[in-house]
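What follows draws every value from the coordinates through simple rules; no lab data is involved. Predicted, not measured: the structure shown is a model, and the values here were computed from it. Counting neighbours? That spans all protein chains shown, and the Cβs are built from the backbone with ideal geometry, glycine included.
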Amino acid sequence: MTTIGNNLQGVLDRIAQACASAGRPPHSVRLLAVSKTFDAAAVREAARAGQHAFGENYIQEGVEKIAALRAPGSGWERPLEWHCIGPVQSNKTRLVAEHFDWVHTVDRLKTAERLSQQRPEHLPALQVCIQVNVDGGANKAGVPPAEAQALVRAVAGLPRLRLRGLMAIPEPAPDFAAQYAVHRQARELFERLRAAGDAGLEAFDTLSLGMTADLEAAIHAGSTLVRVGSGIFGHRSYPAR
């Protein structure tokens with residue numbers, strides 16, 4: 001097995017152990033492999049090891065990888081699932097709408113409206129998560145929790161989008177207890193929104209929480225999807241942007 005394959009299995013083992021500790025079935029948590037800054041060959045290696053869903057923060061970079069892995073002779077034939085997990089600027093909404101399957105970072109109605117308008121008719125609905133700034137981090141994107149329900153209701157009514165849940169990236173916390181506490185805030189908001197029974201929330205089933213450093217706390221708090229990059233692909237070297 002390759003290094004990426006070994007790393008991937010190690011992360012899957014961590015997820016299974018966290019689920020067992022939390023009294024949850026392993027299949028209740030999906031793994032999103034965050035492939036930003038890594039090339040198409042690394043994604044292909046992870047896909048050959050069994051990974052299906054990949055997350056990209058940089059939209060243009062992600063689109064190039066999606067195209068490379070869909071091209072004839074790419075060495076990978078089966079469709080992969082692509083998630084946009086980075087900020088979506090107005091001039092990039094069309095790229096997201098045309099190339100990605102999911103977007104986790106909708107925090108403004110204007111962004112959602114542009115994605116809805118620009119999603120091609122021949123593609124399935126774009127799967128959408130609302131990003132929430134659950135702990136009020138000064139440098140974090142996301143709608144404030146008090147404004148989340150209004151945004152959820154507005155996005156749920158847009159065509160060509162399918163509202164799936166919430167995503168959060170809290171500020172780093174020093175230990176399991178602190179990580180769990182902030183992730184639990186996101187879980188409680190998720191449950192309140194789902195319990196409201198608003199129209200358009202029939203598929204509201206995704207809580208995108210947790211990364212390499214805090215996936216155990218996120219799973220204990222109720223995450224249904226963890227986003228792991230360095231734990232699978234290794235140390236990143238960030239290009240100048």
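The table for this structure:
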| quantity | calculated |
| --- | --- |
| Within region 116-140, considering residues that are touching a strand residue (DSSP E or B) at 6+ places or on another chain (Cβ under 6 Å) and of a type in the set (A, V, I, L, M, F, W, C), the one farthest from residue 166 (Cα to Cα) | 125 |
| Selection status of residue 203, over 18 Å from residue 103 (Cα atoms) and not charged (D, E, K, R) | no |
| Failed criterion for residue 54 (all others in (1) part of a helix (DSSP H, G or I); (2) without any contact (Cβ under 8 Å) to a residue 60 or more places away in the chain hold) | (1) |
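Quick grid of which residues meet (1) in a helix (DSSP H, G or I); (2) free of Cβ contacts under 8 Å to residues at least 24 places away in the same chain:
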| site | (1), (2) |
| --- | --- |
| 65 | yes, no |
| 73 | no, yes |
| 77 | no, yes |
| 82 | no, no |
| 88 | no, no |
| 93 | yes, no |
